[in-house]
Structure formats: structure tokens, C-alpha cells
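Heads up: the structure comes next, in C-alpha cells.
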Amino acid sequence: MGGLVMQTRRNFLKVTGTTSAVVVFGVLPIDLLGKDKTKKLTILHTNDTHSRLEPFPADHPKLAGKAGMAKRAKLVEDIRKVEKDVLLLDAGDVSQGTPYFNFYKGELNYKLMSMLKYDASTLGNHEFDNGLDGIKNSLKFATFPLLNCNYNFKGTVLEGVIKPYKIFNKSGIKIGIFGVGVELDGLVDPKNYEGAEYQNPIIKANEIANILKEKEKCNVVILLSHLGYKFKDNRVSDVVLAAETSNIDLIIGGHTHTFMDKPDVMKNKSAKDVTITQAGYGGIKLGRIDLYFNENKKTAAIDFNLIDVV
């Protein structure tokens, strides 16, 4: 992924997004439309929705009436009617934040996400709020996997339940998706992750990305990260991980509740581009990424949008 140009402009797809940016690899997306050999993959993404199943209340000073699963479902449905190949992903912390989680313990979150036909999610720190048993019990209601490669659950109730990655095939485009999670020490009560081992996310991400790109021959490798976009100290973040890994094309992040009006494009350890994005929190925005592939199944352009959920 080289020869990068970024520009912000009105969204040529005419969706309801309030912000839009395009990452171009020598050709504009509009120039690719109509070419028979060009393929398009649409990725929709959320993060840190925190059990915001209904819209924000009418008396909220800034977010009245925004978000909610029904409104998100309508947006997703409308996009799927237009686009052939769609993946719906989440970067963690679907749990905690409203009484729905306190009462239903995650069951309702995963039931509704399953109704929306999410394809994959990852573990945020708040998924651990009811312990490892809570995660396992909640996953009974999920029709999609929770992906993580840097929590070792061997010897726990989650052994074999949480997979490191999953591969999707859309119109001949092979997409490898995997997940990493934040250090739980200091964020989660130790008894809630007892038996689970936190492993270095950079080492594990390199390991899995190499499998997906080199062994499995994925055309695109996507990381669902709950590390956080970036920090002022030396904590591992998406920015740090991007610079210290290879074979990752796109990082869809969470944890820091960052609204990214345009993506951050960095050079990875192999001096190739890796793109980072995040969609804020609370389901206020639905992230949309349109990837365009040339006849050799190489990424030619990526179009980014944050769509208001209103």
C-alpha cells in the first residue's frame, strides 16, 4: 500500500456521514466505479457502544436523541441493500454504561448485535466486568465470534471459546480479521480475569498478522484493537503497534473513545502504510470504510466516513 495521497471532500457515495476522507493509492475511488474488474468491500464498524441500546435521553445537553440500536440497524440495513459485500465489525466495550447491562449482563447486547448480523467483535476491558464466566454466558447469545490473540485463556472457562482470528471471503477477496486487547491490570478487578494471561500485543499481533498475510494469503488484514488510539506516555496504543508491526493494513480501534474525522496513516515496520480509524463511543457514529481493489486484488483506494446515527 504505497504512493499515498489523502484528501477530505464531500462524500461521493452520498451517505449521511458528517465527515469523509479518502486514502488514495494512485487513483480516485470515483475513477474505479464502473470498471468490471474492480471489486469493492464495505466495512461498517462501531466501538465502545457501552450498552447504549436506546438513544440518548431527550434531556441530554448534547446528544439528545442520538444513537440507539434501532437507528443503527436501519443504517446498516440501508447500506446492505445497496452494497454487495459488507462486513459489520466492533472493536470492543459493548458492555457497561446503562442499566441494560446491569440487568441483562450482556445478553441483550449480543442478542441485538446478532440481529444486526455483526460478523466479528473483540474483547474490551468492560467485557470482563462480570468475570470470565460472564463472558462465556453472554456469548451463548452471539452468532458472531469475539476475537483476541493476546489474552491467553488456557485452563479457564474461555479456553477454546475466544479465537485469535477469522477469515472471510467476499467475492474472491480474502479478509483476515483478528483482535488485541488492553492490559487489564489497573482497569479490571483481578478476580474478574483470574487465570487469564495478558501477552504482549505487539508480539502477538506480528505473529497473527504474519499467519494471515503470508500463510493464509489474505488480501487484507484488519486488526480490531481495544488498545486505544494513542497516549502521552509509553503505553502500547494503536499508533505504537502500527509502527512496530508488519502485515496489518487497517486498524479499527476502540478504548479511547476517539472520533476520527479522518484516518491516521502511518508507516509500519516494513515501511508500508497502515491505516488507523475509530468511531468515538456510544454508537453516536457508525464508521464506514469502502475498500476498492484492482484486478490483482490489491487495494487501490480506501474511502472513510463517520455516519451520524440520528
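Things worth noting here:
- One residue stands out among those in segment 120-143 that are part of a strand (DSSP E or B) and either free of Cβ contacts under 8 Å to residues at least 12 places away in the same chain or among the hydroxyl-bearing types (Ser, Thr, Tyr) (or both): the one that is nearest to Asp185 (Cα to Cα), which is Thr122.
- Scan of segment 41-57 for residues that are among the aliphatic types (A, V, I, L, M) and either outside any loop (DSSP other than H, G, I, E, B) or modelled with pLDDT of 95 or more (or both), ordered by number: Leu41, Ile43, Leu44
- Within segment 272-301, residues that are over 21 Å from Lys170 (Cα atoms) sit with their Cβ atoms under 7 Å from residues that are crowded, with 22+ Cβ neighbours inside 10 Å and of a type in the set (Phe, Trp, Tyr), at 6+ positions apart or across chains, in these pairs: Thr277/Phe304.
- Summed over segment 246-264, the residues that are buried (at least 24 other Cβ atoms within 10 Å of the Cβ), closer than 16 Å to Val182 by Cβ and of a type in the set (Val, Ile, Thr) give a count of 2.
- Every test in (1) surrounded by 16 or more Cβ atoms within 10 Å (Cβ to Cβ); (2) within 19 Å of Asp93 (Cα to Cα); (3) of a type in the set (Gly, Ala, Ser) is passed by Ala242 save one, and that test is (2).
- Tally of residues being in contact with a strand residue (DSSP E or B) (Cβ under 7 Å, 6 or more places away or on another chain), exposed (fewer than 13 other Cβ atoms within 10 Å of the Cβ) and not in a strand (DSSP E or B) across segment 185-229: 1
- Any hit, segment 110-119, residues being part of a helix (DSSP H, G or I), surrounded by fewer than 23 Cβ atoms within 10 Å (Cβ to Cβ), at pLDDT 95 or above and polar (S, T, N, Q): yes
- Residue that is in contact (Cβ under 8 Å) with a residue 60 or more places away in the chain, buried (at least 16 other Cβ atoms within 10 Å of the Cβ) and closer than 26 Å to Tyr229 by Cα, where the choices are Leu146, Leu87: Leu87
- Test: Ile167 is in contact with a Gly (Cβ under 6 Å, 6 or more places away or on another chain), among the β-branched types (Val, Ile, Thr) and not in a helix (DSSP H, G or I): yes
- Test: Thr19 is at pLDDT below 95, under 30 Å from Lys272 (Cβ atoms) and either of a type in the set (D, E, K, R) or surrounded by 15 or more Cβ atoms within 10 Å (Cβ to Cβ) (or both): yes
The values are calculated or read from the model by the stated rules, or taken from the named source; none is laboratory data. Nothing here was measured: the structure is a model prediction, and the numbers come from that model. So basically every Cβ, Gly included, is an ideal-geometry build from the backbone, and we count neighbours across all protein chains shown.
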